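**Student:** Supplied in structure tokens, the structure appears directly below.
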Amino acid sequence: MSSVRKIVRAVNLESKRIEKNFGISIPQLLTLKYLNESPEYRSTMRNLREVLSLNASTVTGIVSRLESKGYIARLPDPKDKRSTPIVLTSKGSSLVKTTNESLHERISKNLEATSDTEYQNILGSFETIINFLNIEDLDAAPIITGPADISE
């Protein structure tokens, strides 16, 4: 249990650090970093939902809060009225440049360096803990993604 508490504590401390230092949440920071690495600094709501593994209403809230702070903008597409690309603003880009490596990025970098077997062992261990805690159906925004998602 001590190991689980350490992990939970690290995630909570990281969340508080990002909120205190930058005034945004971890999912908001991940959104800005994703846009910063995207072609033309833009994405669709669908892509953001997939990358963040969150539902549409949650991503809409994240985008609305970032837009109200001036970190992103929604630019209507004159060719497709159904689509409104989300674009990183210069203010958002400046914020991304001031952030240091997040816990998410450190974990992702370390996962990228692991072998497939080691990654599967880690994943299996987490699944076992999730089963022990009986929280399989708990809806939670992921902070950690698998090696295939790291480059996104």
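**Student:** Those residues that are among the small types (Gly, Ala, Ser) and part of a helix (DSSP H, G or I), I need them from segment 42-58; list them, please.
**Tutor:** Answer for segment 42-58, where residues must be among the small types (Gly, Ala, Ser) and part of a helix (DSSP H, G or I): Ala56, Ser57.
**Student:** Give the residues of segment 23-37 that are surrounded by fewer than 16 Cβ atoms within 10 Å (Cβ to Cβ) and either within 15 Å of the chain's Cα centre (by Cα) or in a helix (DSSP H, G or I) (or both), sorted by residue number.
**Tutor:** Answer for segment 23-37, where residues must be surrounded by fewer than 16 Cβ atoms within 10 Å (Cβ to Cβ) and either within 15 Å of the chain's Cα centre (by Cα) or in a helix (DSSP H, G or I) (or both): Asn36, Glu37.
Conditions tested, residue by residue: (1) polar (S, T, N, Q); (2) at pLDDT 95 or above.
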residue: Glu37; (1), (2): no, no
residue: Arg49; (1), (2): no, no
residue: Ser53; (1), (2): yes, no
residue: Lys69; (1), (2): no, yes
residue: Thr84; (1), (2): yes, no
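**Student:** Residues in segment 28-44: is at least one hydrophobic (A, V, I, L, M, F, W, C) and closer than 28 Å to Ile129 by Cα? Before the answer, list the steps.
**Tutor:** If we filter segment 28-44 for residues that are hydrophobic (A, V, I, L, M, F, W, C), which is where we start, we get 29-30, 32, 35.
Going one step further and asking which of them are closer than 28 Å to Ile129 by Cα, we end up with 29-30.
There is at least one residue in segment 28-44 that is hydrophobic (A, V, I, L, M, F, W, C) and closer than 28 Å to Ile129 by Cα.
**Student:** Which residue pairs have Cβ atoms under 6 Å apart, sit 6 or more places apart or on different chains, and have a first residue in segment 31-49 that is within 16 Å of Thr89 (Cβ to Cβ) and a second that is part of a strand (DSSP E or B) and among the small types (Gly, Ala, Ser)?
**Tutor:** Leu35/Ser43
**Student:** Moving to a separate point now. Report, by residue number, each residue of segment 79-135 that is loosely packed, with under 10 Cβ neighbours inside 10 Å, of a type outside the set (Gly, Ala, Ser) and part of a loop (DSSP other than H, G, I, E, B).
**Tutor:** Lys79, Lys81, Arg82, Asn100, Glu101, Asn134
**Student:** Out of Glu40, Glu50, Glu14, report the one residue that is touching a helix residue (DSSP H, G or I) at 6+ places or on another chain (Cβ under 8 Å) and of a type in the set (D, E, K, R).
**Tutor:** Criteria check complete, one pass: Glu14.
**Student:** For Thr58, are the conditions met, namely being in contact with a Lys or Arg (Cβ under 7 Å, 6 or more places away or on another chain) and of a type outside the set (Gly, Ala, Ser)?
**Tutor:** No; evaluated as a whole, the condition is false for this residue.
**Student:** If I go through segment 92-127 residue by residue, how many of them are under 30 Å from Glu67 (Cβ atoms) and of a type in the set (S, T, N, Q)?
**Tutor:** 7
The values are calculated or read from the model by the stated rules, or taken from the named source; none is laboratory data. On a predicted model such as this, the values are computed, not experimentally measured, just so you know. FYI the Cβ positions are ideal-geometry reconstructions off the backbone, even for glycines, and counts take in every protein chain you see.
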